[in-house]
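> Got a structure here, written out as structure tokens. Questions coming.
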Amino acid sequence: MRNALRWLLSLVVLIGAASTAGTATAAEAPDSTIAAAPSGPAAGPQADIKDRILAIPGMSLIEEQPYPGYRFFVLNYTQPVDHRNPRKGTFQQRLTLLHKDTSRPTVFYTSGYSVRTSPSRSEPTRIVDGNQVSMEYRFFTPSRPQPADWSKLDIWQGASDQHRIFTALKKIYDRKWIATGGSKGGMTATYFERFYPRDMDGVVAYVAPNDVVEHEDSRYDRFFATVSTQECRDRLNALQREALVRRAPLQAKYKAWAEAEGATFTTVGTLDKAYEAVVLDFVWAFWQYSGEAQCADLPAAATASDQEVYDVIDQYSGWSAYTDQSLAGYTPYYYQAATEMGSPSLKMKHLKGLTRYGYQPARNFVPKDIPIRFKPLAMADVDSWVRTRARSMLFVYGGNDPWGAERFRVDRGARDSYVYTAPGANHGANVAGLVEAERTKATERILTWAGVSAPQAERAAPLRTYDSRLDKSQQLDRARTLRP
């Protein structure tokens, strides 16, 4: 026992040094109802892994990329547009597979957005020294049905995509599986577990927001009233206020930039609405991606030039965020926020009398020709299920991350499930950033869920060698604006 504890504590230190609604599911549609994409010849356990993967009906190869110690495949998989009625058509869903060995556990990762098509490992993949399957969320291009029936973009359909991929690959990767993801990916992993609780052996959800009641967001207001120091909060609030006081000269700069870039504002409505949306994101975006140490680098609002104020807003919020060109890539996210997941709203008393539109709802960032109907019970169902029926789930949050203000909880009825907070961490919080006791516990549970013994973990070279290319943070890959 002492030896097991000793190797686990050593492992934790090494990992830390490397990285500072109702009842369950409808049945999966049989493959016979779906027009399968061309696949390779039947392949047994002794065949090359690529041949075995391509023997799966509906699986096709986009490319294989070399990477030392792994094989990396970018794939398409034929999915039904509607898992409730597979005869309504199919689409090609992109996924990647980082293959190490079929004798290792497999981590099912999703960002909840597009998939990265270069090799990468999530933190659980590195901890268990496993394979990793990464799925592009439906309706993110190119994984979008044509024509796009947006009513088929919901959390159950997305979970069913994961279930079919898991079911197909489980025949090859027959060891333990863990679902994971950061931010919207953490939400996605949670929804997958809620609807298909018998698929995964464990879930590690990072910085996953949980907006149970759409129009009750007081926890966010409390967060911004208490995070960090009064001096830091005042400095940020003053800059945000100054950007609205100086709306005319700063907006002139914004207009000149938009004209030079060919940026347009049809979806949000006007340049003025986009300008205010970017400014209102500023304080949130600062805490989401930065921290107290960066406060000292901010210019003082009272003495800053127009250009300095304009530049600091751009640095953290990004003036391109609400252009048509930027919003187009995130339409599926805003659609889900407007129909099921919810979106935050803040009171921002320090901006009283200066705002014209307030915190705009997600509906404002979805093209008007896409119908929207909010489903108020969707998140309440998931929240209740996690609190009372979660099994082998770990939620990790950052102490200074605004998205953690509304988070998942586990109550009586949940089993072997935990909610931990990394002190001072932002939206990139991870297991490595937890306090020692929680880091040790979390690492031990992940290894146990993955079926990895102490000697196996101790021998795993990736746990001792951090690969800056392969292991860089995945949940911070997206454009810097207010979306999880």
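> If you check Ser111 against the conditions, is it surrounded by fewer than 19 Cβ atoms within 10 Å (Cβ to Cβ) and either assigned to a loop (DSSP other than H, G, I, E, B) or charged (D, E, K, R) (or both)? Working first, answer last.
Working: surrounded by fewer than 19 Cβ atoms within 10 Å (Cβ to Cβ): no; either assigned to a loop (DSSP other than H, G, I, E, B) or charged (D, E, K, R) (or both): yes.
It is false that Ser111 is surrounded by fewer than 19 Cβ atoms within 10 Å (Cβ to Cβ) and either assigned to a loop (DSSP other than H, G, I, E, B) or charged (D, E, K, R) (or both).
> So Gly44 ticks every box in (1) more than 21 Å from Pro119 (Cβ to Cβ); (2) of a type in the set (Gly, Ala, Ser); (3) modelled with pLDDT of 50 or more; (4) within 27 Å of the chain's Cα centre (by Cα) but one. Which box is left unticked?
(4)
> On to the next question. Would you confirm whether any residue within region 79-97 is in contact with a strand residue (DSSP E or B) (Cβ under 6 Å, 6 or more places away or on another chain), modelled with pLDDT of 95 or more, small (Gly, Ala, Ser) and farther than 25 Å from Val452 by Cα?
no
> With the requirement that a residue be farther than 19 Å from Ser60 by Cβ and either open to solvent by 20 Å² or more (accessible area, probe 1.4 Å) or among the hydroxyl-bearing types (Ser, Thr, Tyr) (or both), what does region 124-136 give you?
Start the filter on region 124-136 by keeping residues that are farther than 19 Å from Ser60 by Cβ, which leaves 124-132.
Selection gives Thr125 alone.
> Residue by residue through region 140-159, note down the ones that are more than 23 Å from Thr117 (Cα to Cα), part of a loop (DSSP other than H, G, I, E, B) and open to solvent by less than 30 Å² (accessible area, probe 1.4 Å).
Asp154
> Within region 160-172, is even one residue assigned to a helix (DSSP H, G or I), open to solvent by 10 Å² or more (accessible area, probe 1.4 Å) and of a type in the set (S, T, N, Q)?
yes
> Given the options Ala457, Ala450, Ala461, name the one that is over 30 Å from Phe286 (Cβ atoms), modelled with pLDDT of 65 or more and over 24 Å from the mean Cα position of the chain (by Cα). Walk me through how you get there before you give the answer.
Details: Ala450 fails: over 24 Å from the mean Cα position of the chain (by Cα); Ala461 fails: modelled with pLDDT of 65 or more.
On inspection, the qualifying residue turns out to be Ala457.
> Follow-up. Which condition breaks for Gly398 when tested against (1) within 27 Å of Leu153 (Cβ to Cβ); (2) in contact with a His (Cβ under 8 Å, 6 or more places away or on another chain)?
(1) is the only condition that Gly398 fails.
Quick grid of which residues meet (1) closer than 12 Å to Val203 by Cβ; (2) surrounded by 18 or more Cβ atoms within 10 Å (Cβ to Cβ):
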residue	(1), (2)
Ala405	no, yes
Arg409	no, no
Tyr418	yes, no
Ala425	no, yes
Val435	no, no
Glu444	no, no
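Residues checked against (1) in a helix (DSSP H, G or I); (2) among the acidic types (Asp, Glu):
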position: Val268; (1), (2): no, no
position: Glu276; (1), (2): yes, yes
position: Trp287; (1), (2): yes, no
position: Ala293; (1), (2): yes, no
position: Ala301; (1), (2): no, no
position: Tyr322; (1), (2): no, no
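> Checking Leu11 against (1) open to solvent by less than 60 Å² (accessible area, probe 1.4 Å); (2) modelled with pLDDT of 50 or more; (3) not small (Gly, Ala, Ser), which test does it fail?
Just one mismatch for Leu11, condition (2).
> Another question about this same structure. Would you call Thr267 surrounded by fewer than 19 Cβ atoms within 10 Å (Cβ to Cβ) and at pLDDT 95 or above?
Details: surrounded by fewer than 19 Cβ atoms within 10 Å (Cβ to Cβ): no; at pLDDT 95 or above: yes.
No; evaluated as a whole, the condition is false for this residue.
> Can you tell which of Arg445, Arg412, Arg389 is modelled with pLDDT under 95 and within 23 Å of Arg194 (Cα to Cα)?
Numbers: Arg445 fails: modelled with pLDDT under 95; Arg389 fails: modelled with pLDDT under 95.
So the residue among Arg445, Arg412, Arg389 that is modelled with pLDDT under 95 and within 23 Å of Arg194 (Cα to Cα) is Arg412.
> Another question, then. Count, please, the residues in region 273-308 that happen to be within 21 Å of Phe365 (Cα to Cα) and open to solvent by 20 Å² or more (accessible area, probe 1.4 Å).
Looking only at that region, the number is 1.
The values are calculated or read from the model by the stated rules, or taken from the named source; none is laboratory data. What you see is a predicted model, and the numbers here were worked out from it, not measured in a lab. Here Cβ is always computed from backbone atoms with ideal geometry, including for glycine, and neighbour counts include all displayed protein chains. We work out accessible area using only protein heavy atoms, side chains counted, and drop any ligands, DNA or RNA first. Shrake-Rupley method; radii C 1.70, N 1.55, O 1.52, S 1.80 Å.
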